[in-house]
1. Give the cross-link partners of LYS94 among the lysines, using a straight C-alpha distance below 29 Å as the criterion and excluding same-chain residues fewer than 8 apart.
2. Roughly speaking, what is the stretch gain from GLU150 to ALA181, that is 0.36 nm per residue apart minus the C-alpha to C-alpha distance, in nm to one decimal?
3. Counting other beta carbons within 10 Å of each residue's own, what order do MET47, MET218, MET99 fall into, fewest first?
4. Set the Förster distance to 41 Å, then compute FRET efficiency between GLN204 and ALA131 from the Cβ-Cβ distance, nearest 0.05.
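Nothing in this text is a laboratory measurement; each read-out follows from the coordinates by a stated rule. The shown structure was predicted, so the numbers you read here are calculated from the model rather than taken from an experiment. Cβ placement follows ideal geometry from the backbone for every residue including glycine, while neighbour counts extend to all protein chains displayed.
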Amino acid sequence: MESGILNLEELDDAGLTPGDVVRLLFTLSRHCAGIGAFVRYTLAGEMLKKRYASGQVPKGPVGIGIGEEADIDIEHGSPDFQTRLAGGTVRGTKKSVLMAGDAALYAVFAKGDDGDYLVWVDAGADAVETAQPVGLLGIRAVRCADVAFEAAPALAAVKVGPGEGAGALSCIVALLGLFNAACASGTANAGLGKAWEYAGQRYQGGRLIEGYDAIRLMYTRNAALTGAS
């Protein structure tokens, strides 16, 4: 990614562990939830591309279309296969695609005549219509929108049933779950710090509220929870 936020090729060369990536996302999210979210979805898209489309698709951010908003929970849901793959083209609609409007590519799960596929589509193709994106977090660093495909040419496709490519869905769901948790923990940690700072400034009953047992107990309990996370 050449956005100035991070260089993914340098990350590859650095030999980072999953723990390193989690710490990176945690730290970013302590400062800005929006930036943390943007980086986590960018990393997830690049990792998915490297594993399932190496050398077959151009560079650029990936918009991930897993399923319909009504049917899926990002960490625990099942895919929507209403979008169809036929003759090397994709037809159908994906709801609330992450990074829509910023993506150069869309990675969507679709149903073909002989099974289920992870399909890569050029986001700028004439046969791809992206609705007006909406801001989600922080400084609107992450946007999502509905995306419609009208016989859009597939740049690449990997079968995700039994055999080659199996596990693509579980891989991206697990990856996003881990990255979401890292970012949420960072944001929670920052929020707790601000709350305790406020407790050291707010007077009630003639003294700072940080001196009240109930406030101290609440802080201690939440500090233990964020520390454990």
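1. Straight-line reach from LYS94, under 29 Å: LYS49, LYS50, LYS59, LYS111, LYS159.
2. Taking 0.36 nm per residue and subtracting the Cα distance, the gain is 7.6 nm.
3. MET218, MET47, MET99
4. 0.30
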